[in-house]
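Peer 1: Attaching a single structure in structure tokens format; questions to follow.
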Amino acid sequence: MTSRLQLVALPAVAVLLVSGVLGVQLAHDGGRFEPLHPADPCVARTVTSQSDGIDGLSERLVLLGIDGAACRLHLSREALTLQLAQPGARSEEEVDALRAGLHDAVRRMKDDGTLPPASDLVDEALDNADLNGFLKAAIKALPDSVINAAVKIDDVLDRTIDDLDLRRVLEDIDDHDDLNRQVNAAVEQSVKDSVVDRLKSLL
Amino acid sequence: MTPVRRVAAPLLAVTVAMVLADSAVVTLALPAILFHLHTTVGQVAWVLIAFNLVLGVVAVPVAWAFARAQPRIFSAVGIAVFAGASAWCAGAGSIEVLIVARCLQALGGALALVGCLEQLVTVYGEKRGVTAWVTAGVVGTATGPVAGGLLTDAFSWQAIFVVQVPFAVLAVPAALAVPATAARVQDRHRPALRPNLTLALLSAALTAALFLLVLLLVEGWRRSPSTAALTVSVVPLAALAARPLARLLRPPPQVEVAAGCFLVAGGLACLAIPPSSDLAWTAAPQALVGLGLGLTVDRLTAQAMEMRLPRVQHAGWTIGARHAGVVLGLAILTPVFTADLQDAQVPAQEAIAALVLDAPLEAADKIEVAQALGRELTDQEGRIPDLHRAFADLDIAPEDRPAADRLERDLDAQLEAAATRAFRDSFLIGAGLALLALLTVLVPGRRTTT
């Protein structure tokens, strides 16, 4: 082997090997194996739920609501979720942003037609409601059109969001029973207020 | 062949390999030691640092003392101290005791390394003796983490030290049986600065390869120590291929070392950017590192000792340079990857939150998953969490189990991605150290006038 070849052969092999391995890795997205980057919460996203009825509606509402709140607070949805999951007092800014985000979510679902009519939820709502049995039976006997005319779901949701003590809801987020009690009470009150206001406006 | 040549000399070579393997042998056992001795990450790193620091510091004074002692007594005492300290390490009940025992093990190891060199030269002659000593050292350095991982997984971290005891005990009479005489040579040559500096920088870079890779595999990618040990065995296997390659291409020694440094740097850069946590992606980068190791370490050690007297004094300098390099590597890299792991927590938690929020599970199940994950993340503060427990205890409907399993796999992938990202800078710093080593080879030396 000539001395010049001896001088360049091993370095050439080394460069070839390193370039080859680097090239293969980069061609397979080497360097991009990183955790998911949070999406922009201000860009509308499609949310789905595996649950039906009130649970499904609540889940979609909360997911969209957190997006709206995070957008207002200039945070990612994930950062806000982790922040809210921490124990401790909530700031006024956080509570206001969450409430506004939930209202935005109601509007968006109404606009894109994903808000179910009240008649779809009435049976489940009555099962959870603390009402007289005869009254429950009477309401269940009403035709869907009457229920939908009497109860506007977006109005009920907006009232519920306003009535809910979000600070307390966030504090009790680990206590399912207490959370359900608070939400059910707020929903019942909102349905009543909504129906009464509608009757007043009709009269 | 005399019994001394047939039995004693191989035992001395095994002792050299064991002492140098101890430099990194506990790397894969660190998580087990951390758990068993109820200590902190910062303290457990000293199990590794203490050994290398003591070996690096005492190597030259020990070599100086060797010239004034009986070689076989010197070796035998060193090996006996090494054996006793290894047994003490195995029985250590606290991290403080383990660190002290490791210091003593390094001191005995330094005596053994220096003594064994002279005795191997007595048995095999100058050239073959030095080659046997250097080769045993390279084999020990390259196979240490593999052996440590396999022993930890098969038995316990204590087994790493227990298995060294019988070999060392057998090596004591072997050392006494080799009638070496100390060559009373005045200090004729100055230490070879350039090869020792290159060796130190390269050792720091190789620390990145071995230490960081096993940590990434065990802590970041949650592989068992034995899987990690088998994975990193690519390095010693590739190192074996280096000699035939060098014989085939016959490069000048400096070119061989330069190419080796470049291969180590390239391998480390590739380890910084794996496309996924599939173990196969580590094979080729490790092969580059192994080839580089095989082309450089023995060649540099030989260059640092070649035609320099007294031999043991220059061997002491190479041992000192190598282990100072390991300590330098650990000192630079440990704070970097610890801080990067800390910084990786937020993106990892956000990625986990995103996947849980969008998971195809019932809302109640999502909340239960989130609560279980929250507990797991809190319990494992400062370390990469094991999410499996959060899913194992979940009380969900059987029809939702496939979705939960899929979510668990996705979350694990996020954690692996976060850990991989956290190790990136450290691997790149390791590559930078190897390039610095390359620079020491490429910078033209002073011309000697005749």
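The values are calculated or read from the model by the stated rules, or taken from the named source; none is laboratory data. Owing to the predicted nature of the structure, the values given are computational and were not obtained by experimental measurement. So basically every Cβ, Gly included, is an ideal-geometry build from the backbone, and we count neighbours across all protein chains shown.
Peer 1: Mind checking which residues of the range B:207-265 are within 27 Å of residue B:341 (Cβ to Cβ) and basic (Lys, Arg)?
Peer 2: Within the range B:207-265, B:222, B:223 qualify.
Peer 1: Another question, then. Is it fair to say residue A:10 is hydrophobic (A, V, I, L, M, F, W, C), in a helix (DSSP H, G or I), surrounded by 21 or more Cβ atoms within 10 Å (Cβ to Cβ) and over 15 Å from the mean Cα position of the chain (by Cα)?
Peer 2: yes
Peer 1: Also, quick follow-up: If a residue has to be closer than 17 Å to residue B:316 by Cα and surrounded by fewer than 19 Cβ atoms within 10 Å (Cβ to Cβ) to count, how many in the range B:71-87 make the cut?
Peer 2: 0
Peer 1: Would you confirm whether or not the range B:301-309 contains a residue that is on the phi > 0 side of the Ramachandran plot and either surrounded by fewer than 23 Cβ atoms within 10 Å (Cβ to Cβ) or not hydroxyl-bearing (Ser, Thr, Tyr) (or both)?
Peer 2: Yes, the range B:301-309 contains a residue that is on the phi > 0 side of the Ramachandran plot and either surrounded by fewer than 23 Cβ atoms within 10 Å (Cβ to Cβ) or not hydroxyl-bearing (Ser, Thr, Tyr) (or both).
Peer 1: If you take just the helices (runs of 4 or more DSSP H) that sit entirely in the range B:1-76, which of them hold at least 3 residues that are under 25 Å from residue B:386 (Cβ atoms) and touching a residue at least 24 places away in the same chain (Cβ under 8 Å)?
Peer 2: Filter on the range B:1-76 gives B:30-36, B:41-66.
Peer 1: In the range B:261-283, what residues are over 28 Å from residue B:443 (Cβ atoms) and either more than 8 Å from chain A (Cβ to nearest Cβ) or of a type in the set (Gly, Ala, Ser) (or both)?
Peer 2: Selection gives B:276, B:277, B:278, B:279, B:280, B:282, B:283.
Peer 1: In addition: Out of (1) at pLDDT below 80; (2) over 28 Å from residue B:374 (Cβ atoms), what's the single condition that is false for residue A:177?
Peer 2: Checking residue A:177 against (1) at pLDDT below 80; (2) over 28 Å from residue B:374 (Cβ atoms), the one that fails is (2).
Peer 1: Please specify each residue of the range B:252-304 satisfying the condition of being small (Gly, Ala, Ser) and not in a helix (DSSP H, G or I).
Peer 2: B:276, B:277
Peer 1: Quick one: which of B:258, B:321, B:241 is more than 10 Å from chain A (Cβ to nearest Cβ), hydrophobic (A, V, I, L, M, F, W, C), crowded, with 24+ Cβ neighbours inside 10 Å and in contact with a helix residue (DSSP H, G or I) (Cβ under 7 Å, 6 or more places away or on another chain)?
Peer 2: The match here is B:321.
Peer 1: Which of the helices (runs of 4 or more DSSP H) found entirely inside the range B:312-421 contain at least 2 residues meeting this: more than 29 Å from residue B:213 (Cα to Cα)?
Peer 2: Ranges flagged: B:345-357, B:363-379.
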